[in-house]
Amino acid sequence: MKRSGFWQRLRFQLPGLRFSHGSAGRIVLLIALLNGLLFILAIPPWWHYDEPGHFEYVWLAANLSHWPKQGEHDEAMRLQMAKSMSQYGWYARRNYKPDLTGSKPVWIGATQTGGKPAYYFVASLPLRVLRGADITQQYNAVRLTSLLLYLLTIWVIWKALGELLAPGHPLQWIVTGFIALLPAFADTMVSVSDDVGAALSSCLFLWLSIRLIKRGFSVPRLTVWLLSIIACYLAKNTAWYALLLAPLVLLFSILRGRAVRWIWFATPVLILAVVLAVFQGGGAASWYQDVTQKPPLRLQSPRATLGQHVLQLDYMGNRFAYQTGQFLSPDVIRSLRGRNITLGTWIWASRPVQVQAPGVRFMTSDQGSIDKGRSTLQLQTDPIFHRSVILVPPDALYAIVLSPSVPPKDQQTRLFLDGMVLTPGAYHTGLPEFGDSSGSRGVWNGRSFRNLIDNGSAEQGALRVRPAIDRATRKYLARVGNLSAIFSILGDWRGTSWYYADSLQTMSRTFWASAAADKFNLPGIAPNNILLGLTLIGFLGAVLLLWRKRKELRWDLIYVLLAAFLMVWGFTAVRGVSSLSRPDPTVPWARYAFPAILPTALVICVGWAEWLGLLGRRFRLPQSMLRLVPIGMMSLLTLYTLFNIAKFFHPSLVNREWLFWLSAGVLLLAVTAVVWGMDRSRSSLGAMGTTDIKS
């Protein structure tokens, strides 16, 4: 590409700045070190996600003669830690005044003992030397240990990209630099948290998997790869995707690029096999289940009062208060605040029994949750119509239609519901006359109504998780719910789509610039929306590149990376789904997806590179200028984040906006000099849109 006179003169003015590609790795490590130290200095102690509980686990691992048991603690140590936490405003932020007299156990937030041991063992090593030191000094020593693990993670990512890309490819230092400069990742990786170990072990697994696929089997290669899988298991459940991905890596390492085209034919077959193994019929569309009952939820019955099917609730030996329900979205509830609604259903039982009637649970802004309409009801074996007139609380946020429940003494019972209806207005008399078999609309006491409940007569079927699979996976999903609840809530799209939209925004925000356990965010809505847009632009560009280079790329390597990306982010997206039935549902943070930081950053940077390559060819821009864009943008984001963190935590140190702009100018000049000094790689500048993932 011919350069303009301006670019030639600028290049001439910087003759001494020539860096080899190898030195780029050291530069990126230096950037990560400086960034990590800045976040350690900027964020006060104890302000990261559940950090007091994580540090307590580390301290116990260093000071006890045995490995800490779940719930174990040292009250004297907790008292020291609580005093330090008070000093740094941890309790003040939560409007809580701890008892520091030692007269009763001190609350330090969520405990973490019982978690996987890998990170806690490594982090405890410096504390074995610092026994008796001030508790805040011990805390700082653990954060510095996390910093070393963070630098090791950056090095592993550099090595993985070296295996993945053609030698000297600029994307190696661009992607690694992107990760080193990503504010939320740096903040998480220098905290006291097992998220550090999960990210490191996952990146190590992906690097060794790429090596194994490209280079084939050898005893040392296979051994360290297996050790990386063990490390993922011992780190945290967010890295357990490696156990699912390992058989695929082994298969691709045997094929070594041969017959890879068949993976696209095998994938649908594999997905179908998994669906058949995990799911079966008998579910009811739009209804979620807390547990998978053995009999189907949707039953064809001659006693159906509407259509041919009924909802069947099995309480044969189960002690759950209720097993199924349906969500009402915030939009629906907002329109009903302060108004009466009527909940009605045909209901009967397999034997005479007294039950708690169906009702509605309202999640409110002040009182947490309020159950209404749940009166005591005597059931027989013949259907009766039960109704409840309910006043919607004025501060209701969203709601759940709850199924009836039976007391433990009457466990040997099955309940049946049909024609379930929820509609605005008070209907104290008469029966609803439905206009269709699904019960979506009708006439009641001469007034037309619209049913707010979907599939109230269970006429629309759905898949459900097999009970055996649900029981087998319950242990591993204990912290996030169970497979049945997660899957069935996903099917209640009309009632829960608002939650997925909130989750998408939260995951995007906490991926980029969230800090201090999401207590700090970039000011205003615009920055986060811009970052979400840049994320989507990156994804679209990556799809465009994959299609354009579909005949040239190593699809076995891409397949493994995409599988890791989709599994980790997919697990993160549904992590809080089963908590929707609680007053404070968990919205997932991006830190749970940081084990997939390598494929995530690669996708975004490759997508950006594709668009920049198109712009470069269109406007004949120099290669160094295009390489400057992603690194320069990330540098500015990091500086802007740190500047606002300083204003948030240390306002007396930062009180001039001009300081930011001056710092930004100096930083951009430094980044420009470094990027401009990089030797040109074998890949042309348009090759920023080419990953060269091939052997």
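The values are calculated or read from the model by the stated rules, or taken from the named source; none is laboratory data. Note that the structure is predicted; figures quoted are calculated from it, not measured. Quick reminder, even Gly has a Cβ in these numbers, built from the backbone with ideal geometry, and neighbours come from all protein chains shown. We work out accessible area using only protein heavy atoms, side chains counted, and drop any ligands, DNA or RNA first. Shrake-Rupley method; radii C 1.70, N 1.55, O 1.52, S 1.80 Å.
Rundown of residues vs (1) touching a helix residue (DSSP H, G or I) at 6+ places or on another chain (Cβ under 6 Å); (2) at pLDDT 95 or above; (3) within 14 Å of F55 (Cα to Cα), yes/no style:
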| residue | (1), (2), (3) |
| --- | --- |
| D134 | no, no, yes |
| L149 | yes, yes, no |
| W155 | no, yes, no |
| H169 | no, no, no |
* Residue satisfying all of: in the stretch 565-606; of a type in the set (D, E, K, R) and under 27 Å from L181 (Cβ atoms); most open to solvent (accessible area, probe 1.4 Å) among these -> R575
* To do: List the strands (runs of 3 or more DSSP E) that sit entirely inside the stretch 248-326 and contain at least 3 residues that are at negative phi, over 30 Å from the mean Cα position of the chain (by Cα) and not hydrophobic (A, V, I, L, M, F, W, C).
  => 309-314
* **Hits in the stretch 445-470 (condition: at negative phi and free of Cβ contacts under 8 Å to residues at least 40 places away in the same chain)** => R447, S448, F449, R450, N451, A468
* Hits in the stretch 242-270 (condition: surrounded by fewer than 13 Cβ atoms within 10 Å (Cβ to Cβ), at pLDDT below 80 and not hydrophobic (A, V, I, L, M, F, W, C)) -> R258, R261
* State whether the residues of the stretch 379-393 include one that is of a type in the set (D, E, K, R) and open to solvent by 40 Å² or more (accessible area, probe 1.4 Å). => yes
* Structure fact -> Counting only residues in the stretch 554-564 that are under 16 Å from A242 (Cα atoms) and open to solvent by 30 Å² or more (accessible area, probe 1.4 Å), the one farthest from the chain's Cα centre (by Cα) is identified as Y559
* For the stretch 526-553, which residues satisfy the criterion of being of a type outside the set (A, V, I, L, M, F, W, C) and either closer than 20 Å to T638 by Cβ or open to solvent by less than 50 Å² (accessible area, probe 1.4 Å) (or both)? -> P527, N528, N529, G533, T535, G538, G541, K549
* To do: Would you point out which residue out of W67, W59, W47, W107 is under 25 Å from the mean Cα position of the chain (by Cα) and on the phi < 0 side of the Ramachandran plot?
  => W47
* Of all residues in the stretch 155-192, count the ones that are out of contact with any Asp or Glu (no Cβ under 7 Å at 6 or more places or on another chain), of a type outside the set (V, I, T) and open to solvent by less than 10 Å² (accessible area, probe 1.4 Å). => 15
* Please verify whether the stretch 306-320 includes one or more residues that are touching a helix residue (DSSP H, G or I) at 6+ places or on another chain (Cβ under 6 Å) and charged (D, E, K, R). => yes
* Asked: Could you count how many residues in the stretch 468-493 are of a type outside the set (S, T, Y) and crowded, with 16+ Cβ neighbours inside 10 Å?
  -> 13
* To do: Go through the residues of the stretch 337-349 one by one and say whether even a single one is without any contact (Cβ under 8 Å) to a residue 60 or more places away in the chain, open to solvent by 70 Å² or more (accessible area, probe 1.4 Å) and under 21 Å from R494 (Cα atoms).
  => yes
* To do: Could you look through the stretch 494-507, keep only residues that are under 29 Å from L561 (Cβ atoms) and buried (at least 20 other Cβ atoms within 10 Å of the Cβ), and pick out the one that is modelled with the highest pLDDT?
  => M507
* Structure fact -> If we ask which residues in the stretch 331-389 are in a strand (DSSP E or B) and under 32 Å from the mean Cα position of the chain (by Cα), their number turns out to be 10
* Can you tell me how many residues in the stretch 320-352 are hydrophobic (A, V, I, L, M, F, W, C) and modelled with pLDDT under 90? -> 2
* Structure fact -> Scanning the stretch 613-635 for residues that are without any contact (Cβ under 8 Å) to a residue 40 or more places away in the chain and closer than 18 Å to L545 by Cβ, the one least open to solvent (accessible area, probe 1.4 Å) turns out to be V629
* Structure fact -> With the first residue restricted to the stretch 104-132 and required to be basic (K, R), and the second required to be outside any helix (DSSP H, G or I), Cβ contacts under 7 Å at 6 or more apart or on different chains are K116/K236
* Structure fact -> Residue count, the stretch 581-625, condition in contact with a helix residue (DSSP H, G or I) (Cβ under 6 Å, 6 or more places away or on another chain) and within 30 Å of G359 (Cα to Cα), comes to 4
* Residues A277, A284, A273: which one is surrounded by 13 or more Cβ atoms within 10 Å (Cβ to Cβ) and either out of contact with any Phe, Trp or Tyr (no Cβ under 7 Å at 6 or more places or on another chain) or small (G, A, S) (or both)? -> A284
* To do: Please work out which one of (1) part of a helix (DSSP H, G or I); (2) open to solvent by 40 Å² or more (accessible area, probe 1.4 Å); (3) more than 17 Å from T586 (Cβ to Cβ) is the condition P523 fails and give its number.
  => (1)
